[in-house]
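The values are calculated or read from the model by the stated rules, or taken from the named source; none is laboratory data. Since the model is a prediction, treat every value here as computed from it, not as a measurement. Positions of Cβ are generated from backbone atoms using ideal geometry, with glycine treated the same way; all protein chains shown enter the neighbour counts. When the accessible area is computed, the model is the full protein with side chains, heavy atoms only, and any ligands, DNA or RNA have been set aside. Shrake-Rupley method; radii C 1.70, N 1.55, O 1.52, S 1.80 Å.
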Amino acid sequence: MGTVYRETYTKPLPSGAEVFTRKGERFARWTDRAGRKCVGRVFTAADGTDRVLIEARTYTAKFRDGTGRLRKVSTGCRDRDAALVVLSELERRAEKVRAGLLSAAEACAAAYQSAPLAEHIEAYVQYLANKRGRGGKLRTSAAHVRNARFRLHRIMAECGFTLLRDLNRPALEKWANTREAEGMPANTLNGYLLAACAFGNWCVETKRLTVNPFARPPKRDGKADQRRPRRALTEDELRRLLTVARLRPLAEYGRPTVKLAEAVNRENRRSRRTWRRAPLTFEDLQSAADRARARLRPDVAERLDQLGRERALLYKLLVLTGLRRGEAASLTVGSLMLDARTPYVALAAADAKSGHAAEIPLRGDLAGDLRAWLGERLDAAREAAGAKGLPLPARLPDDAPLFNVPPNLSSIFNRDLQAAGIPKRDDRGRVLDVHALRHTFGTYLSKGGVAPRVAQAAMRHSTLELTMNTYTDPRLLDVAGALDALPALPLDDRTDAQQAKATGTLGREAERCGLPEPVLSEENASRAGDRLYQKLPAEAGNRDVVPTNRGTYAPRSLVPTLVPTSGKTCTSGSLSGTSADDQLLGEIAGSAATDTTCASVSHYVEKPPAGLEPATCGLQNRCSAD
């Protein structure tokens, strides 16, 4: 048989409490934070301090559950009779479990039904804040915990849920449809649905519910409703961004002032409200930095200059490694392995998004920049230690952060884009932010011809689709140039030379000069090309040409002095003593004489020079009837 009672607990004697004696026992009287007057018995603890024994305001039920275990459950009742009613309900449920009419899980879930839903949400949030994440992380991020609490409270309030038994999927789907009709982005709405699903799973794991009422929520298509799709930066934009990141911290103090129009109406024309700083532009960046160096103290200018070098190096690291902002912020001096055969960055599993440790290789120039950066920091540390009279450090501590990544890096990045003249959003609606540097890394891997599987490994993605579709900007890919790799597919029986002519690689100059387009033999079309016909006269009215045996024309000035080989027939041969161009011209021009025979095509040979030595047949072409 169960019983109900009020729990007692002790706490230190409240400050300002009035201690008095009643019937030989000491009591304390005080006012709590809610303004209520409290009275409790005072006793001396083992350590000699005075403590107050306080009785709970509500009753607790003590009984044996269906498995025979002794349980203590708070009834939440301040009246004893009401607490006895709750106790009888608990005992009746235990009897059903013993009789097999109710499972132990159902009985355990029924015990949580009367508790307010807000208490379950707070218990879930505390679980999120204390659970271990991927890679052995001790806690989840504070932002995730904050978002989970806000989303759950909003869903429960707008759906009208007050108890666990009120949770149902149709009401959640109706709420989601209403928010979607109001214009809530798909990815944001999916975040709410996933938060509700995760809360339901936790309730099942903790025996608060037998089934998850929000299991497998109907997610929206985030790709079809992207509000902030990212793009990659071009090479020129990257150079401008690094230049601005390098100079802007110093140039901010060298901006010229601009008088406001309403300054003439103010009595104090030197007031801060009468002028403002002119915005920085990429063209005025260097001059503003020079003015700042002249105005500021040398130590202040050096500190700002170092800040600019650190920011530019951080951007370069993100572009050339694909690291995320949080991963870059977690790097320490000991994470750099610059003396290895291939320098790399050791990313700990607890700091990686995937929860897996990774060794990220560094390009040679980036490794050199990081080595120089560590050298500058070591020199600064030694100088500071020497000024204080401390021992000079031999090296930087391994646990020292590699970069000082500020929490407002996104705002700093936006100001750098503005100073560099780079639009935040392009004509396609794609935006630039810090994570877009990772998109730039993936895009240039694909643009450089890196194998997709290698690019996936460099990006540390779980799927190839994520690398190729999400993290590759199609605008920077040379899709038009890739078409040149496709084979030629003629639709008629034209020769290769005619196909070359049709594509514009042959006869371009002849057409400009007003001449009929020449035709080459198939064996020489590939090596003739533009090299030969670049020699055609530029004047369209020039008609000083000779006919060829193929119904075409060639400029007379380009045809060498040719004499026919009388009485000889041939099928092939070369012009001795001529250049390769002249040989091709000879093949194009053919024979203009009528007294030569060579399988209906006569070849001209260049006339040998006259001299003291007699002409020999070896100086002329030999050809056979074959």
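Points to keep in mind about this one:
- Each Lys or Arg adds one and each Asp or Glu takes one away; over the other residues whose Cβ falls under 10 Å from the Cβ of Arg230, this sums to +2.
- Prolate/oblate/rounded label for the range 64-175 (Cα gyration tensor, a/c 1.5): prolate
- Probe 1.4 Å - accessible area at Ile54, Å² to nearest ten: 30
- Once the 1.4 Å probe is applied to the protein heavy atoms, the range 1-58 comes out at 73 Å² accessible per residue.
- Amide N proximity, the range 346-378 versus Val450 label position 7 Å along Cα-to-Cβ, cut-off under 12 Å: 360-363
- For the range 182-227, the solvent-accessible area works out to 51 Å² per residue, with a probe of 1.4 Å and every protein chain left in place.
- Charge tally around Leu70: other residues with Cβ under 14 Å, Lys/Arg +1 each, Asp/Glu -1 each, net +3.
- Cα-based shape type of the range 1-157, given that a ≥ b ≥ c are square roots of the gyration tensor eigenvalues and the cut on a/c is 1.5: oblate
- On the range 353-464, 57 percent of the accessible area sits on carbon and sulfur atoms, based on a 1.4 Å probe.
- Estimated at 0.36 nm per residue, the fully extended path between Leu483 and Ala34 surpasses their Cα-Cα distance by 153.9 nm.
- Computed over the alpha-carbon pairs of the range 148-305, the distance histogram in 10 Å steps reads 9, 22, 14, 11, 17, 18, 8, 0 percent, short to long.
- Sulfur and carbon atoms: percent of accessible area, the range 101-216 [1.4 Å]: 54
- The range 320-352 residues near the modelled Asn130 label - backbone nitrogen below 17 Å, point 7 Å along Cα→Cβ: none
- Phe43 accessible area, assembled protein chains, probe 1.4 Å, Å²: 60
- Solvent exposure of the range 327-478, expressed per residue, is 52 Å² of accessible area, with all protein chains present and a 1.4 angstrom probe.
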